[in-house]
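The values are calculated or read from the model by the stated rules, or taken from the named source; none is laboratory data. For clarity, every value in this text was computed on a predicted model and none was experimentally measured. Cβ placement follows ideal geometry from the backbone for every residue including glycine, while neighbour counts extend to all protein chains displayed. Only protein heavy atoms, including side chains, enter the accessible area calculation; ligands, DNA and RNA are left aside. Shrake-Rupley method; radii C 1.70, N 1.55, O 1.52, S 1.80 Å.
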Amino acid sequence: MAEFDLKHIKNIALVGHSGSGKTTLAETMLFESGMINRRGSIEEGNTVSDYTEIEKERGNSLFSSVMHANWRGFKINIIDTPGLDDFVGEVVSALRVADTAVLVLNAQFGVEVSTELQWEYIENYKTPTIIAINQLDTEKADFDLTVDQSKERFGNKVTVVQYPLNQGNDFDTIIDLLKMTMYKFPAEGGKPEKLPIPDSERERADRLHNELVEAIAENDEGLMELYFEKGELDEDEMRKGLRSAMINHDIFPLFCLSAKKNMGSGRLMGFIDNVAPSANEMPPEKLKNGEELPCDPNAKTALFIFKTISEPHLGEMSFYKVQSGIISTPKDLENSQTKSSERINQLFVMQGKTRESVDSMDAGDIGATVKLKNTHTNNTLHDKGFNVTIEPIAYPEPQIRMAIKPARKGEEEKLAQALHHLQDEDPTIRVEQSQELKQTIVYGMGELQFYILKWKMEHLYHIQVEFEEPRIPYRETIQKKVDTSYRHKKQSGGAGQFAEVHMRVEPYQEGVTPPPSDFTVRGKEEIDLPWGGKLVFYNCIVGGAIDNRFMPSILKGVMEKMEEGPLTGSYVRDVQISIYDGKMHPVDSNDAAFKTAGRMAFRNAFREANPKLLEPIYEVEVLTPEDVMGEVMSDLQTRRALIMGMDAEGHYQKITARVPLSELYKYSSALRSVSQGRARHTRKFVEYAPVPAEVQHKLIAEYEESEA
Ligand SMILES: Nc1nc2c(ncn2[C@@H]2O[C@H](COP(=O)(O)OP(=O)(O)OP(=O)(O)O)[C@@H](O)[C@H]2O)c(=O)[nH]1
Ligand SMILES: [Mg+2]
């Protein structure tokens, strides 16, 4: 028998800007519920959630961790997520399996920039959300301003359930509008005294209570009728109404906290127990084939893997949510994606890094298992014959890149394997062995994420690695039409080589460039180049000057040079070529000779044709608070940015700019530093555009030097 049944399991994800106090809140919840008997702190580096050395060192969460608090007969599974944008992948995974998000806001700073990003995912998943205003004990705490900003950003659905008295250093009191009670905390926090609302607060409390009741009634016709009949709703009716309004995203109830002083977390947990939905009250899971999977403990078993950790000495640990049925050990399941069968021998309930073995878990619960052979994040494990594949998590596209190499020669293979593991663990990382750039390129969300990757490499995989600036995938093209000819002639011992090719090269633009009008076109090949752009190749030979059978060799020669452009060795794109004349020798002409002639003719013509180096241009969107906008703009101006627009977005400014990729190296760190971590950016590739002349000269000179 599972210890907790579906109705008594609640899954919450703690999300919010870095430093809002999520990890501290998790610690306080564990302490209040008696799961730990001493409260750790960020400053001492001994919280349950931030248990890795690197998290302790930095004082930030870098990975999500799974914990649980048993509170008054319920089990609350808590996933604490990192607030830094670099690790948003962890937030996405957590929201995917949580049935409620607790969005922690810092009363000193209101709605901060990462919160905006996290909100996009909350809306996307339609995760029921509680807003918890934390740090009400700080001198600069401003509850009203934080509420106003929340309403501005998340809408009028933000509904105040609690408000503070004495916010600031003397914070000790919360007025609860659902229970119409005043909670007064002792200086060291913990269990509050429950008092009637004093006369001085009566009017405000009544007004906010009525707003709350009306908000609840508004979303439920039955409750609305009751409300009109009785002029009031009792606590049970309000709970029921609140739950369905939370599920429908009609209400985001707002609570008060000081996680650090342990004020308010007990009441928050009570609300989660009694009001927040269990997994079976949520809309059924979507399957990949469009069908649905209800969270039913009596149905067959299906687990969804939402996170994996693989550490060399520990092996792989897989975190799952039981989406259907129950899981008990031992059990054989099938992986719907890899088709492997997996034996589940152990089930764990997690408390940060510590784990406790259990025999069985009910639908809706969250746990971990080990030693799966071929199961990864986003896979579904199911009973044999119960063929379900749960819709995988869509991770955000990686934003930035970095080149990585082992510090010691000969460790390339070891590095590739470690990268493979780390990529499995963090699905927002992508690795590419770039033939073009001759570098291993890692793509990710931010520089801090790369830094952590390096740390893991060195501390867990014992490979010293170095980062390098990734090369830029330049392209080469031409700007004018040139006719040229090339004769390849070689007399070496016996058989000689002979080929002569007359070639026209001209710039090609899709839908604009016509076929050559002064030649007779006999054949055409249009090639979509794997690196973007086109090559259009015309055979305009008359009178059999070159045999048709040599045409493919000429094309091959051209392609060889296009793969290693004449200017800087970069790929060539958007060229139209016409072969309009030539000569053959009855004995010495062959494929190899025409290939060489084709390559050389192309190279010479290209150099004459006003060649141009192109660079990738990205559209960058920066979301920044108004007061650091000047710094953000002047930094952009040093990066050859073309500002496309500026718009107000909530209480932020959104700057849109076009910036060459070569100017974006380490931009996320630069932005973090000019904005004190309050601005963020996204980018996407838009086009290739010519580089400025002086940059072109420099790059050509560098290439020629390296070739020499
Ligand atoms: N005064 C005060 N400080 C708090 C409170 N909650 C957290 N802090 C402090 O704020 C800092 C950040 O707290 P964390 O719990 O690490 O914040 P977090 O949201 O987990 O941050 P990330 O893991 O970086 O996303 C720490 O120094 C905490 O001690 C609070 O209620 N009051
Ligand atoms: Mg944290």
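Summary of values
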| read-out | value |
| --- | --- |
| Rg/Rg_globular for region 353-499, with Rg_globular taken as 2.2 N^0.38 Å and Rg from C-alpha atoms | 1.72 |
| Estimated FRET transfer efficiency when R0 is 60 angstrom, pair LYS371-VAL542 (beta carbons, to 0.05) | 0.25 |
| Helix 447-459 axis, angle to the chain major axis (alpha carbon atoms, nearest 10°) | 90 degrees |
| Sorted peptide list for 236-242, 291-297, 89-95, criterion being average Cβ within 10 angstrom, highest first | 89-95, 236-242, 291-297 |
| Carbon plus sulfur fraction of accessible area for region 473-518, probe 1.4 Å, in percent | 46 percent |
| For ALA276, residues with placed amide H under 5 Å, excluding near neighbours | none |
| For LEU84, net neighbour charge (Lys/Arg +1, Asp/Glu -1) across residues whose Cβ lies under 12 Å away | -2 |
| Rounded tilt (10° steps) of 265-274 against the dominant C-alpha axis of the chain | 90 degrees |
| Taking the convex hull of Cα positions in the chain, its mean projected area over all directions (nm²) | 39.0 nm² |
| Filtered trypsin sites (Lys or Arg not before Pro), region 17-71: DSSP coil and at most 15 other beta carbons within 10 Å | ARG38 |
| 21 Å Cα-Cα threshold exceeded, pairs from LYS179/LYS240; LYS140/LYS654; LYS7/LYS373; LYS489/LYS583; LYS307/LYS353; LYS480/LYS556 | LYS140/LYS654; LYS7/LYS373; LYS480/LYS556 |
| Residue-by-residue Karplus 3J(HN,Hα) for region 679-685, coefficients 6.51, -1.76, 1.60, Hz, glycine and proline x | 10, 9, 9, 10, 8, 8, 5 |
| Carbon/sulfur fraction of accessible area - region 6-281, other protein chains in place, 1.4 Å, % | 44 percent |
| Fully extended contour minus Cα-Cα distance, from ARG549 to ASN345, at 0.36 nm per residue | 66.9 nm |
| Peptides ranked, highest mean first, by Cβ atoms within 10 Å: ranges 367-376, 139-148 | 367-376, 139-148 |
| Under 5 Å, built H, 5+ apart or other chain: amide partners of LEU14 | ILE79, ASP80, THR81, VAL102 |
| Global geometry of region 400-471, whether rounded, prolate or oblate, following the gyration tensor of its Cα atoms and the 1.5 cut on a/c | rounded |
| Rounded D (µm²/s) - region 285-382, Kirkwood Rh over Cα pairs, Stokes-Einstein at 10 °C, 1.306 mPa s | 118 µm²/s |
| Between helix 22-32 and the chain: long-axis angle, C-alpha atoms, 0 to 90°, nearest 10 | 30 degrees |
| Integer Hz, Karplus 6.51/-1.76/1.60 couplings in order for region 644-650, x for Gly and Pro | 9, x, 9, 9, 7, 9, x |
| Region 156-174 and region 512-550: distance between their alpha carbon centers, rounded to Å | 75 Å |
| Gain in span if fully extended, GLN491 to ASN37, counting 0.36 nm per residue against the direct Cα distance | 154.4 nm |
| Relative contact order computed over the chain (Cα-Cα under 8 Å; 6+ residues apart), in percent | 10 percent |
| Cα centroid of region 408-443 to Cα centroid of region 627-678, whole Å | 29 Å |
| Environment charge of ARG475, counting only residues whose C-beta is closer than 11 Å and scoring Lys/Arg +1, Asp/Glu -1 | -3 |
| Neighbourhood net charge (14 Å Cβ-Cβ; Lys/Arg +1, Asp/Glu -1) for VAL113 | -4 |
| Solvent-accessible surface (1.4 angstrom probe) belonging to VAL349, in square angstrom, nearest 10 | 20 Å² |
| Theoretical ellipticity at 222 nm over the chain - DSSP helices of four or more residues, -39500 (n - 2.57) apiece, nearest 500 | -8500 deg cm²/dmol |
| Under 5 Å, built H, 5+ apart or other chain: amide partners of ILE344 | LYS331, ASP332, LEU333 |
| Share, in percent, of DSSP beta bridges within the chain that are antiparallel, nearest 5 | 80 percent |
| Highest to lowest packing among 81-88, 470-477, 428-435, scored as the average C-beta count within 10 Å | 81-88, 470-477, 428-435 |
| Heavy-atom surface of region 476-610, accessible at 1.4 Å and reported per residue (Å²) | 47 Å² |
| Rounded Å value of the spacing that divides the Cα centres of region 274-288 and region 32-52 | 30 Å |
